Amino acid sequence: MGEASSIIGFIVIVILYIVIGIMSATGSIFISQRIFASKAEQIFYGIFLIPIAGFYLAFTAYFGIETAWPLESAAVLACVAIGLLGIRVPFAIIVGYPLHGVWDVLHELHAHGGFSVFEPGQATAVPLAYGIFCATYDFGMGAYFYKRRVDWGAARETKAQ
């Protein structure tokens, strides 16, 4: 198989992962609106950012890139802080999820795109097109959180009274 076949295959995989990311975000939104009250939904998504970021520690362990532990751990700790802040402050997860999406794209480019802002061995590898899927999900959820911010604020105000 030639290089053209590889490129076509990669494009198909990217498109599929984008579609799966959109479907995952849509499903998350649909389900969370039905099972959570407004404030509980915000709390859920603040906490959910933590295991999403934790995937990078799993990738670091799985792919055995020992030199990636410091950077990946720092990024996960940043997401933990943003997620915990997002429990109370919607703006944190409105920005936090897309920031995580940017992190995903940077990993994708590092691992598979031939472009990197990381030093060799500084960041862990990711499965092919994982960053594309995750960035699609993260940006979709960030847009949804922006839309829900008023409802979450109203729920917080109602509870405070």
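Overview of values
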| item | result |
| --- | --- |
| Proxy reagent accessibility, fewest Cβ within 10 Å first, across 119, 3, 108 | 3, 119, 108 |
| C-alpha long axis of helix 130-160 to longest principal axis of the chain, angle in ° | 10 |
| Ranking of 7, 47, 82 by count of other Cβ atoms within 10 Å, fewest first | 7, 47, 82 |
| Residue order, fewest to most beta carbons within 10 Å, for 107, 112 | 112, 107 |
| Structure-based [θ]222 nm, the chain - -39500 (n - 2.57) summed over DSSP H runs of at least 4, per residue, nearest 500 | -28000 deg cm²/dmol |
| Whole-angstrom gap from region 114-134 to region 1-60, using each part's C-alpha centre | 16 |
| For residue 103, net neighbour charge (Lys/Arg +1, Asp/Glu -1) across residues whose Cβ lies under 14 Å away | -4 |
| Net charge contributed by nearby residues that have their C-beta within less than 13 Å of residue 127 (K/R +1, D/E -1) | -2 |
| Relative contact order of region 1-142, pairs being alpha-carbon contacts under 8 Å that are 6 or more residues apart, as % | 32 |
| Shape of region 83-147, Cα gyration tensor, a/c cut at 1.5 | prolate |
| C-alpha long axis of helix 69-86 to longest principal axis of the chain, angle in ° | 20 |
| For region 3-160, alpha-carbon Rg over 2.2 N^0.38 Å | 1.12 |
| Peptides 141-150, 12-21 ordered by average Cβ neighbours within 10 Å, highest first | 141-150, 12-21 |
| Residue (of 118, 86, 135) at the positive-pole extreme of region 3-160, dipole from beta-carbon charges | 86 |
| 3J(HN,Hα) from dihedral phi, region 46-59, Karplus parametrisation 6.51/-1.76/1.60, rounded to Hz, x for glycine, proline | x, 5, 5, 4, 5, x, 4, 5, x, 4, 5, 5, 5, 5 |
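Each value in this text was obtained by applying a stated rule to the coordinates, not by laboratory testing. These numbers come from a predicted model, not from an experiment. Note that we place each Cβ from the backbone using ideal geometry, even for glycine, and neighbour counts take in every protein chain shown.
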